[in-house]
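Single-structure report; data block below.
The values are calculated or read from the model by the stated rules, or taken from the named source; none is laboratory data. What you are looking at is a predicted structure, and each value in this text was computed from that prediction instead of being measured. In this analysis, Cβ positions are derived from the backbone assuming ideal geometry, glycine residues included, and neighbour counts consider all displayed protein chains. Ligands, DNA and RNA are stripped out before the accessible areas are found, and what is left, the full protein with its side chains, is counted by its heavy atoms. Shrake-Rupley method; radii C 1.70, N 1.55, O 1.52, S 1.80 Å.
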Amino acid sequence: MTDAEVVSAAHDATDASPRRPWHRSRPLRFLSWAGTAGVVVYTLVRLFGLETGWLLSTTVAFVPYFVIAALVGAGLQAALRHWLAAAVTGVAVLALAAVLVPRVLADEQPAAAGTAITVMSVNLYVGQTDLAKVVALVEEHRPDLLSVQELTPGAAEGLAELGLEDLLPHTVLEPDELAVGTGLYSAHPLVRLESVGRNGIFHQIGAEVDLGADRVRIMAVHTAAPVSPDRMPLWEADFAALPLPDGGIPWILAGDFNATLDHDNMRDLLAAGYVDAAEATGKGLQATWRPTEGGRLWGLLRPPAIALDHVIAEEGIAVLDWQVLDKSGSDHAPVLAHLRLP
């Protein structure tokens, strides 16, 4: 065989060699590993509380949805036989999903023997919600304490005209324009605690409530939202100023925290001696907030529903039940917690 024939035979052998299957192509493998890297980074941010900056703090609010999306991604990687990438993605997703498990498992409650109380929270969406529906919910559920956020002067007057103060006659109200105003309505005598809730961009009201046989302290919470760089320090300062258990009269915090159970500052607050009522009853994945039609996250997308409204009670208070009620005209759903004091 001549040299030319040898070269020709070699070229024929090369041309006859099998080509790389499309699902093993380098661009597809690159995209697959890039997706795995994103899942791993997101998981580490959530697990270790690394959500510094407004972008990460906003993104970490959507952990339940991310888990679903990442599971779909791992399934696609497996379907494409990207086994190693699928395995790494799967491990990261399982670690992330593990933090959600306590939210669907009801906790054993302490043997509390004190007064049973019902706490409701409602965000009035700058006073634009259906005020008659709010009063109807109070008539139906008969809360002992009602925390109201975004209470405008007009909304305060409208609620009074609809008879809310006949149902809950004891009040500490600080209505204001836009989303600034807040109010506490109570079926029992209460006295404002001037030492808490005075420094945020939204009014936050603390009060001591006389239940007869027991006393409890409550705060109507409305923290700044971490939706922009200038709001981040305000959000962090609001959380730092929230009252912590001090061994005295027990605290209940109720309202719009603008945080989910995946935010590091919310987890720190609970670790200081509080229990989230939704998580304690195995209902921690029930969402309470979604922007109304036209609302956009970062001006681009209408995000899925998440849980921003909470009732958190000092450890030792038993959580008997938790409900997310139907919303009407607001981006926040009213929430209701049934509690029993120690």
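Scanning the stretch 133-155 for residues that are farther than 23 Å from H338 by Cα, in contact with a Leu (Cβ under 6 Å, 6 or more places away or on another chain) and in a helix (DSSP H, G or I) gives a single hit, A155.
From the list A271, A305, A287, the lone residue that is without any contact (Cβ under 8 Å) to a residue 24 or more places away in the chain and over 30 Å from L211 (Cβ atoms) is A305. I'm trying to understand the selection: among the residues of the stretch 222-263, which are in a helix (DSSP H, G or I) and surrounded by fewer than 19 Cβ atoms within 10 Å (Cβ to Cβ)? The answer is P233, L234, E236, A237, A240, A241.
With respect to the conditions (1) closer than 30 Å to D210 by Cβ; (2) in a helix (DSSP H, G or I); (3) in contact (Cβ under 8 Å) with a residue 60 or more places away in the chain, L159 falls short on a single one, namely (3).
Okay, residues lined up against (1) part of a helix (DSSP H, G or I); (2) of a type in the set (V, I, T); (3) open to solvent by 20 Å² or more (accessible area, probe 1.4 Å); (4) at pLDDT 95 or above:
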| position | (1), (2), (3), (4) |
| --- | --- |
| L173 | no, no, yes, yes |
| L184 | no, no, no, yes |
| R198 | no, no, yes, no |
| I201 | no, yes, yes, no |
| G206 | no, no, no, yes |
| A220 | no, no, no, yes |
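Pairing residues of the stretch 74-96 that are free of Cβ contacts under 8 Å to residues at least 12 places away in the same chain with residues that are surrounded by 14 or more Cβ atoms within 10 Å (Cβ to Cβ) and not polar (S, T, N, Q), at Cβ distances under 6 Å and at least 6 apart in sequence or on separate chains, gives A78/A86. Scanning the stretch 186-196 for residues that are outside any loop (DSSP other than H, G, I, E, B) and closer than 17 Å to L164 by Cα turns up S186, L190.
Summed over the stretch 306-330, the residues that are on the phi < 0 side of the Ramachandran plot and modelled with pLDDT under 95 give a count of 4.
If you go through the stretch 301-320 and keep only what is open to solvent by less than 50 Å² (accessible area, probe 1.4 Å), more than 21 Å from N265 (Cβ to Cβ) and not in a loop (DSSP other than H, G, I, E, B), you end up with A318, V319. Does V180 qualify as being part of a loop (DSSP other than H, G, I, E, B), surrounded by fewer than 22 Cβ atoms within 10 Å (Cβ to Cβ) and touching a strand residue (DSSP E or B) at 6+ places or on another chain (Cβ under 9 Å)? Spelling it out, V180 is indeed part of a loop (DSSP other than H, G, I, E, B), surrounded by fewer than 22 Cβ atoms within 10 Å (Cβ to Cβ) and touching a strand residue (DSSP E or B) at 6+ places or on another chain (Cβ under 9 Å).
For beta carbons closer than 8 Å, sequence separation of 6+ or different chains, a first residue in the stretch 178-198 that is farther than 24 Å from E139 by Cα and a second that is of a type in the set (V, I, T) and surrounded by fewer than 22 Cβ atoms within 10 Å (Cβ to Cβ), the qualifying pairs are L178/V126; L178/T152; A179/V126; V180/I201; R192/V172.
Among the residues in the stretch 270-287, are any under 12 Å from I306 (Cα atoms), in contact with a Gly (Cβ under 9 Å, 6 or more places away or on another chain) and modelled with pLDDT of 95 or more? Checking the stretch 270-287: not a single residue is under 12 Å from I306 (Cα atoms), in contact with a Gly (Cβ under 9 Å, 6 or more places away or on another chain) and modelled with pLDDT of 95 or more. In the stretch 87-104 there is at least one residue that is among the aliphatic types (A, V, I, L, M) and more than 25 Å from E279 (Cα to Cα).
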